[in-house]
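A.B. asks: First the structure, which I've put down as structure tokens, then a few questions once you've had a look.
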Amino acid sequence: METEQAIRMLDSKMQTPFRILATKKLKQISASDNHHNVMTKRQTYILKNVNSKLEKEAAMVAKADKGKTCVIIYSDVIIYSDVIIYSDVIIYTDEDNKKVHNFLNENNFQKLQKDPMDKYQKLITKTLQHSDHIVNKKQKKYLTQKKPQHPDLRAQIKLRKPGQPIRPAVNNRNAPAYKISKLLVNKLNNLLNLRNHYIVLDSTALANDLTKLKIDENYRMITFDIRDLYVNIPIQETLRIAITLLLENKNEHPTKQMITLLEVTLQQNYFLFCNNIYQPEKDVSIGSPISNTVAEIFLQDLENTHLKQILDAQNITFYVRYVDDILLIYNTKHTTPEIIHNHINKVHPKLQFTPTFENNNNISFLDLLIIRHLTQVEIDIFRKPTTDTTINYTSNHPTEHNLAVYRYLINRMLSLPLSTERRITVWQKNANHSKQQ
């Protein structure tokens, strides 16, 4: 990074020759024996010992879903009965390792006896040959993975959630359908007419809408989290919705080819975990580029079909959704949180919603703390315990990286509709944090 920054300071005509020279020099340094200094050897020695210990204890390493915590999960029964904490490393018992398998069982993942990758690779190649209305000849060659690899599951532990469930993270970058999924995302976003008015783009837009809201003492706030959204999206139902939306363009041949490509892509929802291949019965691939678009197609149709009736009846005053997180403001004269929860859980048999109720007139949503007063809503910044962790300014990082977090904090402070008192408080917190680095 620092070499590139120095090159960019040169005249534009001189940059390319110096890049070539710098690349050759860096390769020489990397290949030289001097590069393997004492520190490198020491790090290699430590890594070998860690890997040996993990293999001996039949343990696996996972990443927490938020923050920078490393989680080590034992796969065999061990003598510890409680969570043991050493610095920022948390060691869990066998009970926590079962969470991954519980997730697979609860969501009907099946262990495959036969490797499906070759079959899917051939299916993609064949389908692309009959998709001339969607892709041209040059694109077809690019869209086929030359050396496909299995998507692999990397379970992350939700340390802040009750029961500490897992957050499934699947790496699809080298999967057979990865490139075609990226193409379909762009195509679908251009062709589909998603007319939903309930999506919030970012916290700034939400904060501006909330501060304009007029309420009284009867209003309350509640948030919902859609449990395991992507593994519960019904593929066939979503495909039927997509067909209806695409046919609005009145172009039959591209629509048929688009749906065929989409169906083939959605079939490839398997992944590798602990040398076993798993696949859900009907659900969307986790971690695929197209997963979010498919989820939006399904959820927006659900909202337009079921939610609109509730909003028209004025039982709910305010409703917004950001991916799988929902914020509701309702009038206690017209409904109760129990009625809302029961109704929303019956909207679709595949979806389950977990509620969070306001506490002391406050509730958090995205990075906002929403404060309910008698006649209006006030906004503050919500901070989780890990959000104050930043790159130490004296560390060996480019200056742009060190300053990026402070640019973001200042920009957020200025763009949100905070009161003068709260803006001053935020500024003081940011200033104190920068002094501690």
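A.B. asks: Find all pairs meeting these conditions: Cβ atoms under 8 angstrom apart; at least six residues apart or on different chains; first residue within the range 242-264 and under 13 Å from Val294 (Cβ atoms); second residue at pLDDT below 85 and surrounded by fewer than 16 Cβ atoms within 10 Å (Cβ to Cβ).
C.D. replies: Once the first residue is under 13 Å from Val294 (Cβ atoms) and sits in the range 242-264, its partners that are at pLDDT below 85 and surrounded by fewer than 16 Cβ atoms within 10 Å (Cβ to Cβ) give Leu245/Asn193; Leu245/Leu194.
A.B. asks: Then there's this: Looking only at strands (runs of 3 or more DSSP E) that lie completely in the range 205-309, which have at least 2 residues being touching a Phe, Trp or Tyr at 6+ places or on another chain (Cβ under 6 Å) and at pLDDT below 90?
C.D. replies: The qualifying strands (runs of 3 or more DSSP E) are 276-280.
A.B. asks: Being over 17 Å from Asp225 (Cα atoms) and in a loop (DSSP other than H, G, I, E, B) is the filter here; which residues of the range 310-324 pass it?
C.D. replies: Scanning the range 310-324 gives Ala313, Gln314, Asn315.
A.B. asks: Any idea how many residues of the range 280-308 are open to solvent by 30 Å² or more (accessible area, probe 1.4 Å) and within 24 Å of Asn105 (Cα to Cα)?
C.D. replies: The number of residues fulfilling the criteria is 4.
A.B. asks: Name every residue in the range 164-187 that is more than 18 Å from Leu229 (Cβ to Cβ) and either buried (at least 22 other Cβ atoms within 10 Å of the Cβ) or not polar (S, T, N, Q) (or both), in order of residue number.
C.D. replies: Arg173, Ala175, Pro176, Ala177, Tyr178, Lys179, Ile180, Lys182, Leu183, Leu184, Lys187
A.B. asks: May I pose another question? In the set Thr399, Thr332, Thr390, which member is open to solvent by less than 80 Å² (accessible area, probe 1.4 Å), of a type outside the set (Lys, Arg) and over 28 Å from the mean Cα position of the chain (by Cα)?
C.D. replies: So the residue among Thr399, Thr332, Thr390 that is open to solvent by less than 80 Å² (accessible area, probe 1.4 Å), of a type outside the set (Lys, Arg) and over 28 Å from the mean Cα position of the chain (by Cα) is Thr332.
A.B. asks: Kindly list the number of the only condition in (1) of a type outside the set (A, V, I, L, M, F, W, C); (2) open to solvent by less than 40 Å² (accessible area, probe 1.4 Å); (3) free of Cβ contacts under 8 Å to residues at least 40 places away in the same chain; (4) over 23 Å from Leu210 (Cβ atoms) that fails for Lys346.
C.D. replies: Unmet for Lys346, out of (1) of a type outside the set (A, V, I, L, M, F, W, C); (2) open to solvent by less than 40 Å² (accessible area, probe 1.4 Å); (3) free of Cβ contacts under 8 Å to residues at least 40 places away in the same chain; (4) over 23 Å from Leu210 (Cβ atoms): (2).
A.B. asks: Sticking with this structure for a sec: Determine, yes or no, whether Thr375 is among the hydroxyl-bearing types (Ser, Thr, Tyr), touching a Ser or Thr at 6+ places or on another chain (Cβ under 9 Å) and modelled with pLDDT of 90 or more.
C.D. replies: Taking the combined requirement at face value, the residue does not satisfy it.
A.B. asks: Sticking with this structure for a sec: Among the residues of the range 96-131, which ones are open to solvent by 100 Å² or more (accessible area, probe 1.4 Å), in contact (Cβ under 8 Å) with a residue 40 or more places away in the chain and over 22 Å from Asn232 (Cα atoms)?
C.D. replies: His130
The values are calculated or read from the model by the stated rules, or taken from the named source; none is laboratory data. All of these numbers come straight from a predicted model, not from anything done at the bench. Every residue, glycine among them, receives a Cβ derived from its backbone with ideal geometry; neighbour counts consider all protein chains shown. Just the protein is used for accessible areas: all its heavy atoms, side chains included, with ligands, DNA and RNA removed. Shrake-Rupley method; radii C 1.70, N 1.55, O 1.52, S 1.80 Å.
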